[in-house]
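A.B. asks: Next up is a structure, given as structure tokens.
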Amino acid sequence: MSSINVLIVDDSAFMRKMLTEIIQRDSGLTVVGAARDGSDALRKDEELHPDVITLDVEMPVMDGYTTLVELMKRGPRRVIMISSLTQAGADITLRCLASGAIDFVAKPSGSISLDIERVAGDIIQKIKIAAISSIRRLSIPSTTVQSAPSPEGQTAVAAPADKPAARMGTRNASGQLLVVGSSTGGPRALYTLVAGLGNGLEIPGIIVQHMPPGFTRSLASRLDQAGGLKVREAAEGDFLEPGTLLVAPGGTHLVLNVDRTVHLSSEPTVHGVRPAIDVTLESVVRTYGAHAMAILLTGMGRDGARGLKLLRDLGAHTFAEDESTCVVYGMPKAAVELNAVEHLLPLDDIAPAVIAAAKSMPRLDAAA
């Protein structure tokens, strides 16, 4: 395989130097250029035709989002966003993912991260995944969550506020559950799926998207704008409510207790990730069995395949995204190979099929 050519875009000379050193340590990657701002990036993209672009989110004059939009006007580009770990950075990063970026890496400590080495492995891995990703244009609604500028000096995502417990009257009222798992390309796919499910899904749901701490709140906020369903980041002790989708917080596994309430676990990573889809699905098998159904969307690796197989063996409805619409046909393919998938469908066809299946799915007793 020929070397993957990478263009680095960052307004900091230090960050350009560090990213170049990190990327070129891998013999399969070559840095063909470095741009100091968005305008420089547009020129060098045209000159160098890189395979993958790493694009800083926060830059003066032309920021990363604006640069990404201009790049995508020329045609699909394989772009990895390099984001700061702030709430504003998380919001803008989700807008970038909705606008065509394949994935992102969070800088550990602000715009100029002296400890960028901490995420060196992620940078290299995500560039390699981007290089083999499909960049076909997906039909994604243009609505994005607008974020206010971050306060001066803000360097970390604020801790989530305590949420009040759900009313006892809504506790597990449907006796059914939907679980959705996704990874690379997931935020865009999830928006399309959630928008479709808003046309008739009346049962609770859980979303597990591979994402670091701080970014899942922005993801939930964006998905909540899709319409029809409430979407929010899960909290410890949450009840499952019909018509509400809970997003597993980044950095924690989401599992269900025996009374079918949410527990957020800091147990070790599974498949190298936390939250892991398999961890959630295994707890769903114990608590809901065939009264649950699950979907695997685009993503790299095998997470979710084992859990989907456990559900399928119980007779539950299982779905996976077809290769024709996946950014990365990794997780769905692994599930297909295990004979864990009942319905393999293009993204736009999944929501109607899930709504129809939910109407015929057996119900648990509503009592815990």
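A.B. asks: For the residue pair residue 259 and residue 72, what label-to-label distance in nm results when each label sits 7 Å from Cα along the Cα-to-beta-carbon direction?
C.D. replies: My value for the distance between the label points is 4.4 nm.
A.B. asks: Select from 11, 56, 259 the residue whose mean-square fluctuation is largest in a Gaussian network model of the chain (Cα-Cα springs shorter than 10 Å).
C.D. replies: Among 11, 56, 259, the largest mean-square fluctuation in the Gaussian network model of the chain belongs to 259.
A.B. asks: Using only Cα atoms, find the angle between the long axis of helix 277-287 and the longest principal axis of the chain, and express it within 0 to 90 degrees, rounded to the nearest 10.
C.D. replies: 10 degrees
A.B. asks: Another one. Would you mind counting up the charge near residue 324? Only other residues with Cβ under 11 Å from its Cβ, with Lys and Arg at +1 and Asp and Glu at -1. Before the final figure, lay out the partial values.
C.D. replies: Numbers: positive: 136; negative: 321, 322, 323, 348, 349.
Value of the local net charge: -4.
A.B. asks: Could I ask something else about it? Find the centroid of the Cα atoms in the stretch 203-276 and in the stretch 1-80, then give the distance between the two in whole Å.
C.D. replies: After rounding, the separation between the Cα centres reads 32 Å.
A.B. asks: Among rounded, prolate and oblate, which fits the stretch 168-360 when a ≥ b ≥ c are the square roots of the eigenvalues of its C-alpha gyration tensor, a/c under 1.5 means rounded, and a/b larger than b/c means prolate?
C.D. replies: Details: a/c = 1.17, a/b = 1.10, b/c = 1.06.
Since a/c stays below 1.5, the shape of the stretch 168-360 is classed as rounded.
A.B. asks: What shape does the chain take by its C-alpha gyration tensor, where a ≥ b ≥ c are the square roots of the eigenvalues and a/c under 1.5 counts as rounded, a/b above b/c as prolate, and the rest as oblate? Could the numbers behind the result be given before it?
C.D. replies: Values: a/c = 2.00, a/b = 1.67, b/c = 1.19.
Taking the square roots of the gyration eigenvalues as a ≥ b ≥ c, the chain is prolate.
A.B. asks: Put a dot 7 Å past each Cα toward the Cβ at residue 47 and residue 337; how far apart are the dots in nm?
C.D. replies: 4.2 nm
A.B. asks: In addition: Could you point to the residue in 293, 71, 335 farthest towards the positive end of the chain's charge dipole, with +1 and -1 charges on the Cβ of Lys/Arg and Asp/Glu respectively?
C.D. replies: So the residue furthest toward the plus end is 293.
A.B. asks: Would you order 271, 263, 210 from fewest to most other beta-carbon atoms within 10 Å of each residue's own beta-carbon? Kindly include the intermediate steps, with their values, before the conclusion.
C.D. replies: Values: 271 18, 263 15, 210 24.
In increasing order of surrounding Cβ atoms, one gets 263, 271, 210.
A.B. asks: Please give the residues of the stretch 56-73, grouped as numeric ranges, whose backbone N is less than 18 Å from a label point set 7 Å along the Cα-to-Cβ vector of residue 135.
C.D. replies: 56-57, 64-73
A.B. asks: From the square roots a ≥ b ≥ c of the eigenvalues of the alpha-carbon gyration tensor of the stretch 4-132, which class results: rounded (a/c under 1.5), prolate (a/b over b/c), or oblate?
C.D. replies: Values: a/c = 1.30, a/b = 1.02, b/c = 1.27.
Cα axes put the stretch 4-132 in the rounded bin.
A.B. asks: Continuing with this model, one more query. Which of 230, 107, 73 moves the most in a Gaussian network model of the chain with Cα springs under 10 Å?
C.D. replies: Top of the fluctuation ranking is 73.
A.B. asks: Which of 356, 294, 235 moves the most in a Gaussian network model of the chain with Cα springs under 10 Å?
C.D. replies: Comparing 356, 294, 235 in a Gaussian network model of the chain, the most mobile one is 356.
Every number in this text was worked out from the coordinates using simple rules, so none of it is lab data. Bear in mind the structure is a predicted one, so any value in this text is a computation, not a measurement. With ideal geometry, Cβ positions are generated from the backbone for all residues, glycine too; neighbour counts draw on all protein chains shown.
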